[in-house]
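Step one of this worksheet: look at the structure below.
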Amino acid sequence: MFKVFVYDDYEGLSQKAFEVMEEVVKQGKVTLGLATGSSPVGLYKRLVEAHKEGLSFKDVQSFNLDEYVGLSKDHDQSYYHFMFEHLFKHVDFNLDNVHLPKGEGSLEEVAAEYESMLSQNPQDLQLLGIGSNGHIGFNEPGTSFDSTVHVIRLKEETRQDNARFFNSIDEVPHFAITMGIKDILRAKKILLVASGKNKAMAIKEMLEGKIREEVPCTILQNHPDVVVVLDKEAASLIKHD
Ligand code: GLP
C-alpha cells in the first residue's frame, strides 16, 4: 500500500522524508535500512541538524542497501565514504552497529554473511531511492523477486546516470553488491524518495504498472506500508492532489 506525498521542491521532500525517519529513530532501539545517491542528501542533512538538538542514534543499527564492487571503503565514491561523510561522522552512531556490504574480498562470503545479518535484523524502516530504469538498491531490471544479497552487473543506463559522480564514465564500476528484493521487502515500513523529471516514468510504473521483474520497483505494490515522497517533477506523470 502506497501513501504518496508530493512537494514543490527538494526542500519540501527532504523535510517530509526526515519527519518519517525521525519518528522511527525516536523509538530508540531500531534497525534502519539506509540508501545512498543524491535523493537522500537533504534528509541526512536534517538528521544531522536534529542530532544537534538531541536526536540520538546510539541504539540504532543500520544496514545499507549496496556498495560498488572494487572500491575500497576510503575511495571517495564508495558508498561507505558517502555514508560516513553525510551521516555517520556527524551523529552518535556506534560504528560497530553500522553495516554496508563490502565491495572487496570474497564477495560470496560477504553476501552470505550480510544476508544472514539482515534476515536476523529486519528493518523497521527501509529508505530507498529509485533508478531511472526502476531499480531499487542495485536490483537492476530482470532481477528475481526472490533475490537475496547478490552481486549484479550494472546496466549501462545506471553507469551513465551515476557517471556524474566520477571523473569519467570509465571509472564507474561495472558491478555492485546489493540487498536483494526479498531483503528490501522484509522491512516493516519503506520510505522511497525521488526527485527530478528522469524519475517520473519509474514512479508511474511503480504505482500503476503491472508487477514484473523487468521493472523491479513494481514489486513494492505488494508491500503493506510504503511512504512515497516526491517532488513535482518526479510526480509529473501520475495523478495526485
Ligand atoms: C544508485 C543507488 C540506488 C539509488 C539510485 C538513485 O543507483 N544504488 O540505491 O536509489 O542510485 O540515485 P539518485 O538518488 O542519485 O538519483
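Using heavy-atom solvent-accessible surface (probe 1.4 Å) with all chains present, what is the largest-first order of LYS29, LYS182? Please list the in-between numbers first.
On the way: LYS29 175, LYS182 105 Å².
Per-residue accessible area, sorted high to low, gives LYS29, LYS182.
Applying 0.36 nm per residue to the separation of LYS188 and ASN97 and subtracting their alpha-carbon distance, the gain on full extension is 30.8 nm. In the context of the full set of protein chains, residues of the chain present 45 Å² of accessible surface per residue (probe radius 1.4 Å, heavy atoms only).
Give, to the nearest whole percent, the P(r) tail of the stretch 129-241 beyond 17 angstrom, counting all Cα pairs. So the portion of pairs separated by more than 17 Å is 55 percent. With the full set of protein chains in place, find how many percent of the accessible area of the stretch 65-128 is carbon and sulfur; take the probe as 1.4 Å. Carbon and sulfur atoms account for 45 percent of the accessible area of the stretch 65-128.
Here each label is just a point 7 Å from Cα along the line to Cβ, and for PHE145 and GLN15 those points are 3.7 nm apart.
The listed residues GLU213, GLU11, GLU205 rank as GLU11, GLU213, GLU205 when sorted by accessible area, largest first, using a 1.4 Å probe. Each Lys and Arg adds +1 at its Cβ and each Asp and Glu adds -1 at its Cβ; summed about the Cα centre, the chain shows a dipole of about 540 debye.
Between LEU237 and HIS174, residue separation times 0.36 nm minus the direct Cα-Cα distance comes to 19.6 nm.
Highest mean first, the peptides 102-113, 126-137 sorted by other C-beta atoms within 10 Å per residue fall in the order 126-137, 102-113. Share of antiparallel DSSP beta bridges in the chain, in percent to the nearest 5? So the antiparallel bridges in the chain amount to around 30 percent.
Convex hull volume per residue, computed on the Cα atoms of the stretch 85-127, equals 108 Å³.
Taking the Cβ of LEU13 as the center, what net charge do the other residues with Cβ under 13 Å away carry, scoring Lys and Arg +1 and Asp and Glu -1? All intermediate terms of the calculation are to be shown ahead of the outcome.
On the way: positive: LYS16, LYS45, ARG46, LYS199, LYS232; negative: ASP8, ASP9, GLU11, GLU19, ASP231, GLU233.
Summing Lys/Arg as +1 and Asp/Glu as -1 gives -1.
Can you list the lysines whose alpha carbon sits under 27 Å from that of LYS182, skipping same-chain ones fewer than 8 residues off? Counting by Cα, and skipping residues close in sequence, LYS182 has these lysines nearby: LYS3, LYS16, LYS26, LYS29, LYS73, LYS102, LYS155, LYS199, LYS204, LYS210. The distance from the alpha carbon centre of the stretch 116-170 to that of the stretch 12-45 is 18 Å, rounded to a whole number.
When the surface is traced with a 1.4 Å probe over the full set of protein chains, MET117 keeps roughly 50 Å² accessible. Normalising the Debye intensity of the chain to I(0), with uniform scatterers on Cα atoms only, and taking log10 at q = 0.10, 0.12 Å⁻¹ returns -0.42, -0.62.
For the pair PHE2 and GLU113, label points projected 7 Å from Cα toward Cβ lie 3.8 nm apart.
Each label was represented as a point 7 Å from its Cα along the Cα-to-Cβ direction; for SER72 and GLU85 these points are 1.7 nm apart. Screening the chain for whole DSSP H helices with an alpha carbon extent of at least 24 angstrom along the helix axis and a mean Kyte-Doolittle hydropathy of at least 1.0 yields nothing.
So what's the net charge close to HIS223: Lys and Arg +1, Asp and Glu -1, counting the other residues with Cβ under 13 Å from its Cβ?
Details: positive: LYS3, LYS182, ARG186, LYS188, LYS189; negative: ASP183, ASP225.
So the surrounding residues net to +3.
The values are calculated or read from the model by the stated rules, or taken from the named source; none is laboratory data. All values reported here derive from a predicted model rather than from experimental measurement. Counting neighbours? That spans all protein chains shown, and the Cβs are built from the backbone with ideal geometry, glycine included. Surface accessibility is based on the protein's heavy atoms, side chains included, excluding ligands, DNA and RNA. Shrake-Rupley method; radii C 1.70, N 1.55, O 1.52, S 1.80 Å.
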